[in-house]
1. Cα atoms only, the chain: Rg and Dmax in Å?
2. Beyond a 31 Å Cα-Cα separation, which of these cross-linked pairs lie in this structure: K207/K310; K9/K207; K150/K216; K157/K207; K2/K300?
3. What ranking, highest mean first, results for peptides 92-100, 258-266 when packing means the other Cβ atoms within 10 Å averaged over each residue?
4. Specify the longest stretch of the chain that does not include any exposed loop site, a site being one of the GluC sites (Glu not before Pro) with a non-H, G, I, E, B DSSP assignment and at most 14 other Cβ atoms within 10 Å.
5. Once the Cα gyration tensor of region 112-152 is diagonalised, what are the square roots of 5 times its eigenvalues, in whole Å and ordered largest first, as equivalent ellipsoid semi-axes?
6. Which of these, D126, D139, D210, has the largest mean-square fluctuation under a Gaussian network model of the chain (Cα springs below 10 Å)?
7. Only bridges with both residues in the chain count here: give the DSSP antiparallel percent, nearest 5.
8. E30 to I123: FRET efficiency via 1/(1 + (r/R0)^6), r the Cβ-Cβ distance, R0 22 Å, to the nearest 0.05?
Amino acid sequence: MKSVKMAGKGVVKIVEAPEPVPGPGEVVIETAMSGICGSEMHTYREEGMPGGNGGHEAVGTVVKLGECVPNLKVGQRVGASAIAGCGACPACAKGQYTWCPNNRFYGNMHAERFLAAANACHILRDDVPWDAGVLLTGDGLGVPYHTSRKIASREIKTIAIFGVGPIGLGNVLLQAHLGRRVIAVDISPTHLEHARNCGAAETVNPKDGDPVAAVKSLTGGKGADVCMECAGRQETAMACFAAVRTGGTVVFNGEQGPLPLSPSSHFIRRDITAVGSWFYHFSEFGSMLELYRNGLDVTKLISHRFPFKKAAAAYKQFASGESAKVVLVYG
Ligand SMILES: [Zn+2]
Ligand SMILES: [Zn+2]
């Protein structure tokens, strides 16, 4: 079968790869669609991946079952969570695979067929097309949804989202759908346009002036109830603390290193809460599906679709920083 190989330094090839063989509790899925994730960009630009690719958001049809797979059948449409739990610990009992101390990561999903853990597959009914499915079962909507659970208070009315690439944009779409007034902050006019299409009430481009002052002036001088850091940059993280109101919450979605934060000035004296949020819980899929069925059009997050064979062009498009979600289409 054919698979994407990330050769490093921005080179992507389609190569012949061995057919995946399912072990106990595993299945092989014939890929219908896979999504490119921002988390693949470092490997793509730098060292590459000798073992294949970092694809970890994909949907398709079950074609082969390993031993001990009571929950799936050949021919079923599924979406796979890349993080599979051990199935035996208290976290797994609650469907919280990311909290399982023995969880495993499944990658290599940018391929004609891929391996997944059976207990990490979500069955997709026929009312969920592949493009919605890849967002609902991957981290495209998963991260924004998991994050939303931590800022559920009804007192939260205004949310400023710093960095509206694919993950920030997912937060825009979901938070606007939940009735929040969203202020999107990004230096890319294309990203800001996507944000408006996904429901942002206001957009701020830091190239036009101080974004903290802009968020404050849009919130009557107080600052936003929540500021979300989705760019993975020190300056946006610090801007979040400056642009959040007293008593507000800063959310970290973008991965990054240490920050110069003072317990006194950034937290204590303004009663600030900061929270991190990673991936999503397997058990959260049902709630995401319900949101979709009630009108949350997740496919708005997709800006580009490429045939699998044009994976190199797809990565190039994604790496340009001028897209929302980019997906590969198979078959
Ligand atoms: Zn991802
Ligand atoms: Zn476990």
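1. Cα only, the chain: 20.0, 61 Å (Rg, Dmax).
2. Among K207/K310; K9/K207; K150/K216; K157/K207; K2/K300, the Cα-Cα distance tops 31 Å for K207/K310.
3. 92-100, 258-266
4. Between exposed loop sites, the widest span is 156-254.
5. On the way: eigenvalues 97, 36, 19 Å².
Taking √(5λ) for each Cα gyration eigenvalue gives 22, 13, 10 Å.
6. Result: D126 has the largest fluctuation of those listed.
7. 55
8. After rounding to 0.05, the efficiency reads 0.90.
Read the figures in this text as sums done on the coordinates, not as results from a lab. Quick caveat: nothing in here was measured; it's all calculated off a predicted structure. Positions of Cβ are backbone-derived with ideal geometry, glycine not excepted, and every protein chain shown enters the neighbour counts.
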